[in-house]
Amino acid sequence: MLLDESGGIPRITAAANAYSSSGRLVASVGHDMEWTHAPVPQLTQKLGAKIDRVIRSVHPATPCERFNWQLTPMASVFFPHTDPHAANAAAMQHISAELRRDPARAGELLWIRVERQTLSRLPDSNATAFSLHTYSDPLSSVRSDLESLRAILALLRNYTEERWRYSEMDIVREPLMLWLEAAASTLG
């Protein structure tokens, strides 16, 4: 995705989407970050000005990098274009009864989905290039990593109800937390 200043606001001027969590990427051309982040609860209100500041401050010699993550029953790095949130919620609903019966299956039924996002200033045009790479690994991949388990637990314990719902993880919250706590307690 390319971002360029238009009317003093960073706007998306070009985009290509091989895969992402959302089909909104290509539809975002011509829009600003507020439009792009509208589905994320409170993001624009809390961080919109900071996001715009970061985009403006990227220098050609110093790219920026950030990560975001979620847990999902969909192993694929490609999420449906039509409504990825609805697809993820349906997949969560599909496994929720099984996880309530047997929380020990969370490691095999849930996947950690991580997006690596980078911002780079293009020296000739002064536009900012935004790239996104998605990784997907089974939750069980952290079963023997106490530091990761504790970090995930700490993050989830501090999630607001709105954040739980946005990620659709509220659907499997109890069995997920039981699995994480049990995995952490066996290591520490």
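The charge dipole of the stretch 2-187, taken about its Cα centre with unit charges on the Cβ atoms of Lys, Arg (+1), Asp and Glu (-1) only, comes to about 220 debye. Once the Cβ-Cβ distance of Ala75 and Glu161 is raised to the sixth power relative to R0 = 30 Å, the FRET efficiency obtained is 0.65. Give the angle, between 0 and 90 degrees and rounded to the nearest 10, that separates the Cα long axis of helix 84-101 from the longest principal axis of the Cα atoms of the chain. Approximately 10 degrees, to the nearest ten. Between 0 and 90 degrees, the angle of helix 43-57 with respect to the longest Cα principal axis of the chain falls at about 50 degrees. Applying 0.36 nm per residue to the separation of Asp145 and Ala129 and subtracting their alpha-carbon distance, the gain on full extension is 2.4 nm. The H on the amide N of Leu110, modeled in the peptide plane, is under 5 Å from the matching H of Leu139, each at least 5 residues off or on a different chain. Dipole of the stretch 39-188 computed with +1 at Lys/Arg Cβ and -1 at Asp/Glu Cβ about the Cα centre; of Leu71, Leu43, Ser141, farthest Cα towards the positive end is Leu43.
Figure the gain on full extension for Val29 and Ile9 (residue separation times 0.36 nm, minus the Cα-Cα span) and round it to one decimal in nm.
Working: separation 20, 0.36 × 20 = 7.20 nm, distance 1.36 nm.
Extra length available between Val29 and Ile9 comes to 5.8 nm.
The angle between the Cα long axis of helix 146-157 and the longest principal axis of the Cα atoms of the chain comes to about 80 degrees, rounded to the nearest 10. Assuming R0 = 45 Å, what is the FRET efficiency of Glu98 and Ser57, from their Cβ-Cβ distance, to the nearest 0.05? So the FRET efficiency works out to roughly 0.45.
Each reported figure results from applying straightforward, stated rules to the coordinates on display, with no laboratory input. Predicted, not measured: the structure shown is a model, and the values here were computed from it. Glycine also receives a Cβ, built like all others from the backbone with ideal geometry; neighbour counts cover every protein chain displayed.
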